[in-house]
Each structure stands twice: as structure tokens, then as C-alpha cells.
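The values are calculated or read from the model by the stated rules, or taken from the named source; none is laboratory data. In this text the structure is predicted, and so the values were computed from the model without any measurement. When we count neighbours, we look across all protein chains shown, and the Cβ atoms used for this are built from the backbone with ideal geometry, even at glycine. Protein only, heavy atoms only, side chains kept; ligands, DNA and RNA dropped before computing areas. Shrake-Rupley method; radii C 1.70, N 1.55, O 1.52, S 1.80 Å.
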Amino acid sequence: MARSSFIKVVVTITASIFSNQQLEPHDAHGWTYPPACCNGRGKGGDCESIPSADVRMTHQGYSIILHPGDHFRATRLHLFFVPYGDELPSGDGDFHVCLHPTEDYLNCFFAPPSDV
């Protein structure tokens, strides 16, 4: 992860912890989403795994085409781009996205380790 991206993640997590004590992470098949990524638990949260077919690796980063129903918040087609270094490591080998505060904003993107 690039130094500036790492610092941004640390600051975001720290700010979330101190500014909102009710913010709780929730589990994702044996691992836990960071509190800064997930606002709540279960279907009330913001994070969910997505089909690997939704993600394409390009020369500059991840191109994500999220179809309605691929994430419980997605009600229409979305196109997101995440530069390499801005992704977070997935704890289960699947891709995950956190949509917060609305389905239009990709708050966090988790990718399995790869040889980029």
C-alpha cells in the first residue's frame, strides 16, 4: 500500500473510533471488516462480498462493475475504479465492497492478494 494511502486509512480508522463509539465492525466469513469501513452489523452494515466476475484488473487498478443485487445496497448499475494501493486485503480470498453512506459511494474495497 502506498504511504499516503496507508496514512489515509490509519487516520480514517482512528477518527471513526474516536468520533463514533457506536460504530461496530461485523464479520465477513471468518474475518472482520475494519470499523472505518462498516457502519453496523449484518444486513444493516455496509459491506458484503461481490462476485469476482464484477472485478477486472487493469494496468492502473481495479475496475468494478456492480450490478443490481450483487451487493444488497446496489439497486442499479455502478462503475467504480480503485487504483492499485488503495485496496485493502481480503481475509477470505473473495472481493468485498463497503458502500457508505449510500450505494453511490465505495467506502472500502477488499481484494485477495495477487501478483500485480
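Looking at region 67-75, can you tell me whether even one residue there is at positive phi and of a type outside the set (Asp, Glu)? Reasoning before the result, please.
Step one: list which residues in region 67-75 are at positive phi, which gives 69.
Among the residues that remain, those that are also of a type outside the set (Asp, Glu) are: 69.
Looking for residues that are at positive phi and of a type outside the set (Asp, Glu), one finds at least one in region 67-75, hence yes.
Scanning region 34-68 for residues that are modelled with pLDDT under 95, open to solvent by less than 60 Å² (accessible area, probe 1.4 Å) and either of a type in the set (Gly, Ala, Ser) or in a loop (DSSP other than H, G, I, E, B) (or both) gives Pro34, Pro35, Ala36, Cys37, Cys38, Gly40, Gly42, Gly44, Gly45, Asp46, Ser49.
Restricted to region 72-96, and to residues that are in contact with a helix residue (DSSP H, G or I) (Cβ under 9 Å, 6 or more places away or on another chain) and either part of a strand (DSSP E or B) or open to solvent by less than 20 Å² (accessible area, probe 1.4 Å) (or both), which residue is nearest to Gly30 (Cα to Cα)? Among those residues, the one meeting the criterion is Phe95.
Looking only at region 13-33, which residues are among the β-branched types (Val, Ile, Thr) and modelled with pLDDT under 75? Before you say what the answer is, go through the steps one by one.
Taking region 13-33 and keeping what is among the β-branched types (Val, Ile, Thr), we get 13-14, 17, 32.
Of everything in region 13-33, those that are among the β-branched types (Val, Ile, Thr) and modelled with pLDDT under 75 turn out to be Ile13, Thr14, Ile17.
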